[in-house]
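Here is the structure we will look at, set down as structure tokens.
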Amino acid sequence: MKPHYTSLLSIIMIRCLPLFVACVLTLGIFTPMTIYADVIVKDSIPRRSKNLTTGFNQNWSYLPQLDNSVLIENINKLSPKMIRYPGGTVVHSWDWKKGATSKIQLKDEIHPITDVKKLVDQTGVKMMIVLDVAYSTLTNQMQMLDSLHALGVAIDYIELGNELYSRDKKHNYPAIFPDGKAYVDTIAKWAPKLKAAYPKAKIAALLLSRTSEFPKVASWNPLVTNAVNKAKVAIDAYTYHIYIFSGDNYGNRIADFNLAKVPTPGKEIWITEYGNLNPSADANYLTELNKLADYVEANFDITLSHAIIGNRPEHRGKLDTSTHGRTFTPEGKLFLKRVGH
């Protein structure tokens with residue numbers, strides 16, 4: 001009787017495949033993230049990291065008043081576990097005592113600090129609290145945290161600023177933080193006092209998710225992580241913002257992110273903003289956004305999509321601006337489907 005060489009070969013290949021994959025990863029031919037990105041592109045298989053917290057970034061200047069019961073019902077349908085306060089860029093002009101930006105615009109909503117507690121009670125979310133380390137003072141921002149704490153809002157997650165690596169001269173970021181080390185020099189003074197007041201809070205510093213030819217931007221990640229490690233700054237996590245840029249696609253964006261990211265052993269990674277900046281009318285807009293959502297939810301600890309609602313349609317909210325959040329946008333319907341609605 002002749003041996004079944006084909007069957008024998010199949011058995012050997014099956015048994016040796018895990019060892020082959022392990023060797024490939026060890027040699028650095030592919031990274032786990034690259035392999036997973038390929039799976040996402042081809043199959044769009046939704047997977048989730050074990051301790052995932054999902055939710056939304058939200059500019060509170062655009063959030064309709066919380067006495068809108070349909071708005072609250074729709075936010076709850078989206079099933080957020082976390083919402084960001086007071087939002088992204090807005091944090092560096094936010095006056096928490098007024099519940100608005102320092103220069104209130106005509107369409108801006110006013111949200112006193114008590115509204116944070118109201119939203120927590122209405123939705124059960126945790127709050128990602130962003131501090132203004134650029135224009136405010138530690139004393140002022142500690143007063144905000146203390147006020148929230150006194151209202152019964154848990155101080156569990158803190159971000160030290162928003163996108164301060166930007167070359168945005170409008171907000172004067174380059175002058176305030178000319179490089180990553182200057183940023184760490186500031187947060188190194190804030191973090192110990194924040195930890196002393198709120199020892200259970202997790203604190204995050206900012207990293208950049210894209211490559212760049214500009215010196216400040218290109219050097220930001222290594223300068224920040226090296227300075228944090230050298231000064232032993234008491235942070236628990238790093239944040240990235242991942243947007244598919246206009247004219248780009250999911251695959252290129254993740255490839256660029258893999259080039260920009262740096263090793264941060266022992267630290268959580270929070271994606272506190274992500275989205276698709278291509279026109280929402282594009283045929284592949286929702287497909288590409290869905291791939292990105294699959295990717296971040298599979299690989300990181302906290303993922304906050306931008307945004308619940310804007311103050312105009314191009315802000316790409318999940319809820320319709322024109323109805324004050326009473327109806328869902330196509331993007332909102334995608335995220336309803338993602339949470340099983």
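What's the longest piece of the chain with no exposed trypsin sites (Lys or Arg not before Pro), counting a site as exposed if DSSP puts it in a loop and it has at most 14 other beta carbons within 10 Å?
Result, exposed sites excluded: 233-341.
Simple rule: put +1 on each Lys or Arg Cβ and -1 on each Asp or Glu Cβ in the chain, find the dipole, and look at His324, Ala227, Leu289; the Cα lying farthest toward the positive end is Ala227.
Phi angles across region 285-302 convert, under the Karplus curve 6.51 cos²θ - 1.76 cosθ + 1.60 with θ = phi - 60°, into 3J(HN,Hα) values of 4, 6, 4, 5, 5, 5, 4, 5, 4, 4, 5, 5, 5, 7, 10, 10, 7, 10 Hz, Gly and Pro given as x.
Between Val262 and Leu336, the contour length at 0.36 nm per residue exceeds the Cα-Cα span by 23.3 nm. Once the chain from Ser219 to Ser246 is taken as fully extended at 0.36 nm per residue, the excess over their C-alpha distance is 7.3 nm. Classify region 99-237: rounded, prolate or oblate, from the alpha-carbon gyration tensor (a ≥ b ≥ c, eigenvalue square roots; a/c under 1.5 rounded; otherwise prolate if a/b is larger than b/c)? Judged from the Cα gyration tensor, region 99-237 comes out oblate (a/c at least 1.5, b/c at or above a/b). The chymotrypsin sites (Phe, Trp or Tyr not before Pro) found in region 81-189 that occupy coil by DSSP, while having at most 16 further C-beta atoms within 10 Å, are Tyr135.
Sort Leu259, Leu334 so that the residue with the fewest other Cβ atoms within 10 Å of its own Cβ comes first and the one with the most comes last.
Ordered from fewest to most neighbouring Cβ atoms within 10 Å, Leu259, Leu334 come out as Leu259, Leu334.
Per residue of the chain, the DSSP helices (runs of n ≥ 4 H) give a summed -39500 (n - 2.57) that works out to -13000 deg cm²/dmol at 222 nm.
Neighbour counts of other Cβ atoms within 10 Å put Ile187, Ile176 in the fewest-to-most order Ile176, Ile187.
FYI, it's all coordinate maths here, none of it is from the lab. Because the structure is predicted, anything quoted here is derived from the model rather than measured. Every residue, glycine as well, gets a Cβ built from its backbone with ideal geometry; the counts of neighbours run over all protein chains shown.
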